[in-house]
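Structure, as structure tokens:
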Ligand SMILES: Nc1ncnc2c1ncn2[C@@H]1O[C@H](COP(=O)(O)OP(=O)(O)OP(=O)(O)O)[C@@H](O)[C@H]1O
Ligand SMILES: [Mg+2]
């Protein structure tokens, strides 16, 4: 961190991860955040028939646990903003994992809407889907899949 001249934005990733600084074969310096490999399958792989849900999977428990997680995150002013099926995984015991914080946002004092971003360079506004709204859509999608198998 000492070598940074100016930090534009910081997003705290609440999942366990490693910060790795390394040199590539060709000598370039890279800095990567690496997450542990989860023993889990993504909901999109389940819905699209590539993976199975664990036995005794309880959709209501699964989503209420996710809602608790997002509530805690929002209290810390962290917004995921991409809570769709392929960024949510289910573990061997039916427990949820949230991955891919690539669109994540940490709000600071003075920031207005976590789901609206203005790009100064492109003069363009980007809107993100509300985390809880996305969870509802994702739950509906998974429920439809479960009802049809
Ligand atoms: N930590 C992890 N452990 C196990 N599998 C993972 C992990 N992170 C990602 N994956 C798998 O890789 C897929 C893509 O990961 P991720 O969402 O981080 O990348 P992405 O570039 O945003 O891809 P996508 O456009 O599909 O969302 C996930 O749907 C999941 O199946
Ligand atoms: Mg993703």
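Taking into account only those residues within the range 14-63 that are in contact with a helix residue (DSSP H, G or I) (Cβ under 7 Å, 6 or more places away or on another chain) and within 12 Å of residue 96 (Cα to Cα), which is surrounded by the fewest Cβ atoms within 10 Å (Cβ to Cβ)?
Checking each candidate, the answer is 59.
List every residue pair whose Cβ atoms lie under 6 Å apart, where the two residues are 6 or more positions apart in sequence or sit on different chains, the first residue falls within the range 34-57 and is at positive phi and without any contact (Cβ under 8 Å) to a residue 12 or more places away in the chain, and the second residue, located anywhere, is assigned to a loop (DSSP other than H, G, I, E, B) and more than 9 Å from ligand 1 (Cβ to nearest atom).
none
The conditions are (1) within 14 Å of ligand 2 (Cβ to nearest atom); (2) modelled with pLDDT of 95 or more, and residue 38 fails exactly one of them. Which is it?
Of (1) within 14 Å of ligand 2 (Cβ to nearest atom); (2) modelled with pLDDT of 95 or more, only one is false for residue 38: (2).
For the range 9-21, indicate whether the set of residues that are within 16 Å of ligand 2 (Cβ to nearest atom), in contact with a strand residue (DSSP E or B) (Cβ under 6 Å, 6 or more places away or on another chain) and at pLDDT 75 or above is non-empty.
No, the conditions are met nowhere in the range 9-21.
In the range 76-98, how many are near ligand 1 (Cβ under 8 Å from one of its atoms) and farther than 21 Å from residue 126 by Cβ?
Number satisfying all stated conditions: 2.
Condition first: modelled with pLDDT of 95 or more, more than 15 Å from residue 62 (Cβ to Cβ) and within 16 Å of ligand 2 (Cβ to nearest atom). Now tell me which residues in the range 90-133 satisfy that.
128, 129, 131
Check off (1) in a loop (DSSP other than H, G, I, E, B); (2) in contact with a helix residue (DSSP H, G or I) (Cβ under 9 Å, 6 or more places away or on another chain) for residue 66 and give me the number that stays unchecked.
Here residue 66 clears every test but (1).
The values are calculated or read from the model by the stated rules, or taken from the named source; none is laboratory data. These figures come from a predicted structure and were not determined experimentally. Note that we place each Cβ from the backbone using ideal geometry, even for glycine, and neighbour counts take in every protein chain shown.
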